[in-house]
Amino acid sequence: MSRPWMLHVELLLVLWLGMVHAQNENLVVFTLGTFQNVSIPVNGSVEVNLSRIPAEVAFVILQFHTQHLNATISYTRVPAYGTSVTTSDSGLLFPLLPSQLSLSCFLLAPNDESVAGIGVILPYSLTDPVPGACNQEFPLEIDPNIYLLYNLYETTIRFAPANIGYARGTSPPACDVETDLSSRWRLEYDVYQFFLPESDLSERMMIKGMETVARGMNMMENGRKLMTLSSQDKTLLSFNSIPGQGVIYSIIVRDPVFNSSSSYVPVHTYACSFTSAVDGCTTLGRPSTKVFFTIAGLAGLLVCFLGHRFFKCELFCLGFGFGAFFFFVLITRTTTGTTTLDYDLRLALTALMGIVWGVALVMSWWRFGSVMACVVVAGLVLGFLVSSIVFFTPLGDVSVFHNDVVFWVTFSCIMLVVPLFFIRWPREGNILTCGVVGAYMVVLAVNSYTYTSLSYITLDVLKRFLNDDFSRAFISVPLQNIDFILISVWAILAVSGVVLQLYRERSRPFFPPSPYVLWCQERERRKTNVLDPSHHTPSLPARLLARIRQLTRHPEPAGERTPLLL
């Protein structure tokens, strides 16, 4: 009788141990300041536990980061509005009670797929500012998260204001007191940016980047400080979107009285979708774009080394670029909403209008022969590129140039100054345009196959043409190894092209004459110069007709041949 009873006990014990083991599989124990890899099962949850919290810690922040899948982080096992947040870079802040030594929260997969990421819990003392403690906009009562949105033109981040630090068990200082040095209004916010390696979309690199900058001190050492905001400034910032380039944004709030700081939860973006089948992060660069810029790159190589020699080809390329740029802006701004044209169709129409402008410029030179007008067009193209380069530098992020009027006036002045030098040295200026602009077209062709920041020299200006709100965006982009290589290629091509053309054209006329003007001059010379033998020579059609009539009436004897054209 005792044997069946023992079997039942053993069976219950095995089942209980199995349940405990299953629960422990969904339990992750964190240590302060240590990064932890976490995998959330499909439609499941993971409990996060932290114990042995030191008494000097006033609050802790849990960060959880995934590459592109959303994860839910919640104070409770069942997420609810005001107790959870769902995003790829999420965080929760835990104010601690006087005797609290441990805490727990939950990570959940909101979609029907498993989620893997990296998490860390960072401690802060009572003198450190509390990120998001004066939140009045987002669901969490204390929200240390940075909320990020992006489109083709710009990336925006928003965050909730912080409060000054306070001890365990005490009431937080009021957020709505008047501006003074004893309240949150003394806090300052440093905005940092950290670029991941170019063209590297791997999860491993994203995790490595987050481990590098998750702590505030590490971001100060490795990131780039963009600006400092006061408590009176808006907590909304805009940056230039760089599709395919990983960027991490972080905000560090500082208390100048205690010389302390704390970090919001860093957020990252690639300004593209990992799930989109068209123009996703892994499929950037349409075939039509590659074809367009490959042809443009080959034409740029021709212009770089032979542009001045083949003047009509140079004029066609300059007219094509000038017309294509402004027509693309026009057609994009005028076709919005339900009338938006497909990108490939817009590109085809842009190429067609570029051809029309190129042919029109060549024909205007052929008909009127105005070298100065053509030189002015070349100077404007070079001036546009020079002005774009100027604003591609950190000068473009100066606050005064966020005003559209100031920006466009300054941009236009730089663009118009360059052609003035062409009046004094027209041939040298035209050859310089051929070398610099032609070499940059080669760089753009390379960009259609692999990412390079140099394309944003002109792309930032195009974005400002197309989007009225882009003026407020910070346009800083990283220069990494491939960019320095392409800068060297650009410089070598430009210098080689300029030197070669100056050498070859040293003994030639400054510019080739217009064919129409030559024809008019020849015709006028024949009419006025009676001593010129060609004055008495019939025209070519008349000579051909006379010769045909002669042959039909009096055939030549065999063996005799008379030239058809005398």
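Just so it is clear, none of the values below were taken in a lab; they were calculated from the coordinates. As the structure is a prediction and not an experimental result, all values here were calculated from the model. Note that each Cβ is placed from the backbone with ideal geometry, even for glycine, and that neighbours are counted across all protein chains shown.
For a quick check: sort LYS234, LYS312, LYS225, LYS463 by the number of other beta carbons within 10 angstrom, fewest at the front.
In increasing order of surrounding Cβ atoms, one gets LYS234, LYS225, LYS312, LYS463.
Report, in whole Å, the centroid distance computed from the Cα atoms of region 80-94 and region 178-216.
18 Å
If one computes P(r) from the Cα atoms of region 287-504, what percent of pairs lie at distances over 23 Å?
48 percent
Tell me, in nm to one decimal, what length is gained between ARG224 and VAL495 on full extension, where the rule is 0.36 nm per residue of separation less the Cα-Cα distance?
The span from ARG224 to VAL495 would gain 94.3 nm if fully extended.
Between SER507 and LYS234, what's the calculated FRET efficiency when r is the beta-carbon distance and R0 is 60 Å? Round to 0.05.
Efficiency, from the Cβ-Cβ distance: 0.40.
Note down the nm distance, to one decimal, between modelled labels 7 Å out along Cα→Cβ at LEU420 and at ARG367.
3.2 nm
Measuring from label point to label point, each 7 Å out along Cα→Cβ, what is the ARG52 to THR450 span in nm?
4.9 nm
In terms of modelled amide H atoms, which long-range or inter-chain residues lie less than 5 Å from the amide H of ILE146?
Those qualifying (amide H under 5 Å, at least 5 residues apart or on another chain) are VAL265.
Could you bin all the Cα-Cα distances of region 142-196 into 10 Å bins starting at 0 and give me the percent of pairs in each, rounded to whole numbers?
17, 40, 26, 15, 2
Taking 22 Å as R0, compute the FRET efficiency from the Cβ-Cβ separation of VAL359 and ILE331 and round it to 0.05.
Taking R0 as 22 Å, the efficiency between VAL359 and ILE331 is 0.70.
Expected output is a single nm value to one decimal: the length gained when fully extending between VAL177 and SER273, i.e. 0.36 nm times separation in residues minus the C-alpha distance. What is it?
Taking 0.36 nm per residue and subtracting the Cα distance, the gain is 30.3 nm.
Tell me, what ³J(HN,Hα) does each residue in region 436-446 have, in order and in whole Hz, if you take phi through Karplus 6.51 cos²θ - 1.76 cosθ + 1.60 with θ = phi - 60° and put x for Gly and Pro?
6, 5, x, 5, 5, 4, 5, 4, 5, 5, 5
Which whole-Hz ³J(HN,Hα) couplings does region 234-250 yield from phi under the Karplus relation 6.51 cos²θ - 1.76 cosθ + 1.60, θ = phi - 60°, glycine and proline marked x?
5, 9, 9, 10, 10, 9, 6, 6, 10, x, x, 10, x, 9, 10, 10, 9
At 7 Å along Cα-to-Cβ for each site, give me the label-to-label distance between VAL390 and TRP185 in nm.
4.1 nm
Run the numbers for MET205 and VAL257: contour at 0.36 nm per residue of separation, minus the present Cα-Cα distance, in nm.
Separation in residues times 0.36 nm, less the Cα-Cα distance, equals 15.0 nm.
Using R₀ = 22 Å, calculate the FRET efficiency as 1/(1 + (r/R₀)^6) where r is the Cβ-Cβ separation of THR289 and HIS68; round to 0.05.
After rounding, the FRET efficiency stands at 0.40.
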